[in-house]
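Report on one structure; see the data block that follows.
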Amino acid sequence: MKQTGVEPTVPELIGIWQDAAQAVHDLCTDVTDEQWRAATLCPGWSVGDIVAHVIDIEQLMSGVPQPEHEPDWSALPHVTNDLSRVTEVGVDRRRAMDRSDVLPELEATIARRRAQFDAVAPDEEVIGPFGNRTTMDRLLRIRIFDIWAHEQDIRAALGRDGGWGSPAAAVAQEQIIRALPYVWSRTVAAPQGAVLRVQITDDRLARDVAVVVADDRKGAATEPVDDAAVWLTGTWPDVMRLACGRVDPADPEVRSRLVLRGEPALVEALLPALSITP
């Protein structure tokens with residue numbers, strides 16, 4: 001899989017993370033009460049809930065003590081598993097807060113987290129989103145992907161399209177592409193030697209990549225070929241929304257915007273497998 005160019009360094013990723021988080025803040029500085037409560041593509045979450053989520057995750061990872069709060073789970077049918085219960089607590093706790101209090105909390109959280117990142121050596125291991133040890137590079141890429149995807153949730157809810165070619169978008173796209181070997185070989189369980197080709201058609205972040213199931217049954221990067229077992233072509237927004245689980249891959253309207261070629265069974269297995277976010 002061909003890279004987009006020179007990969008950003010850890011200090012550069014810190015700057016991209018800060019810009020992504022600030023974009024979430026800035027999108028909401030002039031919203032109305034109705035817009036703050038507008039539903040997003042994340043089930044059960046409003047624009048304000050997305051902002052609360054960004055605050056909550058960064059605070060949890062920075063070690064900020066969290067107040068005791070127990071949501072009324074019976075009123076939250078979109079919470080369906082343990083992970084969603086964890087991420088819902090901080091969101092629900094802020095639902096009764098005014099945005100004039102939530103947005104300054106986001107700004108303070110960005111500043112605190114930036115100071116923490118700057119104090120860590122680029123090659124030092126840190127605690128990841130799920131309590132595991134990881135590298136700064138990997139942590140920042142995960143957080144940039146998550147925050148930028150939520151920026152797009154907010155933009156869609158507010159009708160403010162944009163941000164598709166930003167540095168954070170490029171990091172998010174690379175995260176999706178890096179997941180393709182696992183998706184193709186393990187989730188789809190494509191046969192040995194089968195090639196998946198994905199073309200992203202976009203003036204901002206066009207890509208043409210391919211992965212193959214190697215002899216060890218693991219996915220690996222390969223050169224794009226015309227006789228791929230499955231060939232998926234779509235715009236960057238469509239591919240992103242598939243990867244983030246924001247659209248139903250069985251929806252005829254979604255499918256009408258994609259070009260799909262190849263073995264029907266593998267095509268049908270691939271589309272839901274592309275959803276790589278928790």
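Mind putting a number on the dipole of the chain about its Cα centre? Charges go on the C-beta only, +1 for Lys and Arg and -1 for Asp and Glu, and I need it in Debye to the nearest 20.
For this selection, approximately 480 debye.
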**Message:** Checking the a/c ratio against 1.5 first, then a/b against b/c, what shape does the Cα gyration tensor give for the chain?
**Reply:** prolate
**Complete:** Counting Lys and Arg as +1 and Asp and Glu as -1 over every other residue whose Cβ sits under 13 Å from the Cβ of residue 108, the net charge comes to -1
**Complete:** Proxy exposure order for 130, 117 (fewest C-beta within 10 Å first) is 130, 117
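Based on the Cβ-Cβ distance of residue 66 and residue 37, what FRET efficiency does E = 1/(1 + (r/R0)^6) give at R0 = 25 Å, to the nearest 0.05?
Details: r = 24 Å, r/R0 = 0.95.
After rounding, the FRET efficiency stands at 0.55.
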**Request:** Grab the other residues whose beta carbon is less than 14 angstrom from that of residue 167, score K and R as +1, D and E as -1, and report the net.
**Result:** -2
**Asked** If you look at just the Cα atoms of region 10-161, how large are its Rg and its Dmax in Å?
**Response** 15.2, 44
**Complete:** Summed over the other residues with a beta carbon less than 12 angstrom from that of residue 202, with K and R at +1 and D and E at -1, the charge totals -1
**Message:** Distance between the C-alpha centers of region 249-266 and region 87-143? Whole Å please.
**Reply:** 36 Å
**Item:** Computed Kirkwood radius, in angstrom, where 1/r is averaged over Cα pairs of region 169-273
**Value:** 13.6 Å
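Where a number appears in this text, it was derived from the coordinates with a stated rule and is not lab data. Please read these numbers as outputs of a predicted model, since none were measured by experiment. Don't worry about glycine lacking a Cβ; one is built from the backbone with ideal geometry, like all the others, and counts go over all protein chains shown.
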